[in-house]
1. Of all residues in the stretch 183-199, which are free of Cβ contacts under 8 Å to residues at least 60 places away in the same chain, open to solvent by less than 30 Å² (accessible area, probe 1.4 Å) and in a helix (DSSP H, G or I)?
2. Looking at (1) of a type outside the set (Val, Ile, Thr); (2) modelled with pLDDT of 95 or more; (3) closer than 25 Å to Leu466 by Cα, which is the one condition that is false for Gln340?
3. Condition (residue is out of contact with any helix residue (DSSP H, G or I) (no Cβ under 7 Å at 6 or more places or on another chain), among the β-branched types (Val, Ile, Thr), open to solvent by 10 Å² or more (accessible area, probe 1.4 Å) and under 16 Å from Val227 (Cα atoms)) applied to the stretch 297-314: is it met by at least one residue?
4. Cβ contacts < 6 Å: first residue closer than 17 Å to Asp202 by Cα, restricted to the stretch 248-275; second residue assigned to a helix (DSSP H, G or I), any location; separation 6+ or different chain. Result?
5. Is at least one residue of the stretch 253-270 under 30 Å from Ile97 (Cα atoms), among the basic types (Lys, Arg) and open to solvent by 10 Å² or more (accessible area, probe 1.4 Å)?
6. So in the stretch 271-290, with the set limited to residues that are in contact with a helix residue (DSSP H, G or I) (Cβ under 6 Å, 6 or more places away or on another chain) and either basic (Lys, Arg) or surrounded by fewer than 23 Cβ atoms within 10 Å (Cβ to Cβ) (or both), which one is farthest from Gly188 (Cα to Cα)?
7. What pairs come up if the first residue lies in the stretch 108-136 and is within 22 Å of Leu215 (Cα to Cα), the second is open to solvent by 10 Å² or more (accessible area, probe 1.4 Å) and of a type in the set (D, E, K, R), and their beta carbons are under 6 Å apart, counting only those six or more places apart or on different chains?
8. For Leu469, work out the one condition from (1) surrounded by 14 or more Cβ atoms within 10 Å (Cβ to Cβ); (2) over 22 Å from the mean Cα position of the chain (by Cα) it doesn't fulfil.
Amino acid sequence: MTATALLPLATLGSSLMTAVLIFLLPEQAVRTRTLLNLAAAVVKIVLVAWMALGLTAGQHYGLSFPVVDGLSFVLQVDKLGLAFAGLSSLLWLFTTIYAIGYLEGSPNRRRFFGFFSLCVASTMGVSLAGNLFTLLIFYELLTVSTYPLVAHRGTPQALAAASVYLRYTLSAGLALLLGMVALQVLGGDWRFGERTLLSGLDPAKRPLLIGLFWLLILGFGVKAALVPLHGWLPRAMVAPAPVSALLHAVAVVKAGAFGIVRLVYDVYGIGFAQSLGVLDGLVVIASVTIVYGSVRALTQQELKPRLAFSTVSQVSYIVLGIGLFGPLGTIAALAHLIHQGLMKVTLFFCAGNYAEELGIHRIDELDGVGRRMPLSSLAFTLGALGMIGLPPVVGFISKWLLGLGAVQAGKPWVIAVLVTSTLLNMAYFLPILHRLWFRPGPARGLGDWPGERKPGGLETSAWLLLPALATALLSLMAGMLAGLPFSPLQWATLVVRQEYLLP
């Protein structure tokens, strides 16, 4: 096997083998499991960086083999997939560090970290899949591996939420399977990037292709939490904070959004999708989801559900950018795939810190927390300001480019959607920041925290604090250094220039 085939396989295998080894370790092997988790996360980052450098130098990575006649398993590395793989591997490291501290002393850690690694392996497989069949395999593996994480606490509420999650995602998987089989029958054993295959079919098949497009959107839209397919996401907030961070920032919702990107650009082709008239539908669905998610976030009294509805809204920026049919909208969509992950994982880390250290779950319990936990609150503030879209945090770049993309696409009404969303973002994030920094609370002798742990040297465990600070800093740097090579913005621009909008 050549190095070009070995690297994507090793990248996938680094978390897959870790999952197997963790399941084999005894529950008490805490130190070995910790070292294994951290080593595998670092190795994956190195492998992804290696492939990124090679890809920019003109190297090709991939492998394929036939499963049955006319159907192949394909791994291939392109710039779009590598962007998702890079986000996945980077946030896996920080989420692993966080989870080690969050679950310290709790039962069933072997099961948790085993499925945690399997979940990351699934996400990596989705990133590196070279055709719809391969993507579907890892997409469904992602469903199977995240179910035990949502149900991890084993409470009736957790089991019910996991059951809802499973019903939604398995139904979506069935829609994807039907769509994939139909396209396979129409086009044969084809791969991502063969964008003229569907457009070259008999024009009489266009109504069928439109129907299949929406069937596949239905399949991807459940994980992407498009309205009205989002019902599982707020319920899944009963999961531990590291799982919430993983679901919202890199794994499930991002896999859905990434699938929509693949469908539009690498299955149908952006030009052909526009000629079928399906992109306008995506813009409408995304706009409704953006406003609806923000309004629902505004009505939530608990912190994690508010962040969950914020995700419903913010992930749809990616779909909105795709539907705008233009280079600026596309760059905004692809960059936001990474930007949203950095900001949202920060917010969930901080929400977990408040819950673990002070027993805080409700927003009205946050009065004066900034005085007691200044570093976590600073990280939360950066994430929230980024979500609102204030410079220099990276969320500003996403919204700015989406606005320009709307003008470029001749859809100025989309700017009204963005402005409305931004005002709603301010309405549900700024009161939280006001409570954190300006309201008197237990830190000034007014009342008690709901469940404060015994204070240590830091405001909370270093395992919990450092990942939140690191991702907050990355959110800031990705905005301030957006012009540098290998920034999310520049990588998205490279994808658009070299792979999508040139003949």
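The values are calculated or read from the model by the stated rules, or taken from the named source; none is laboratory data. No experiment lies behind these values; they were computed from the predicted model shown. So basically every Cβ, Gly included, is an ideal-geometry build from the backbone, and we count neighbours across all protein chains shown. These area figures cover heavy atoms from the full protein model, side chains too; ligands, DNA and RNA do not enter into them. Shrake-Rupley method; radii C 1.70, N 1.55, O 1.52, S 1.80 Å.
1. Residue satisfying the conditions is Gly187 alone.
2. So Gln340 meets the others, but not (2).
3. no
4. Every condition considered, the pairs that remain are Ala273/Val264; Ala273/Leu279.
5. no
6. Checking each candidate, the answer is Ser287.
7. Final answer for the pair search is Gly130/Arg191; Asn131/Arg191.
8. (2)
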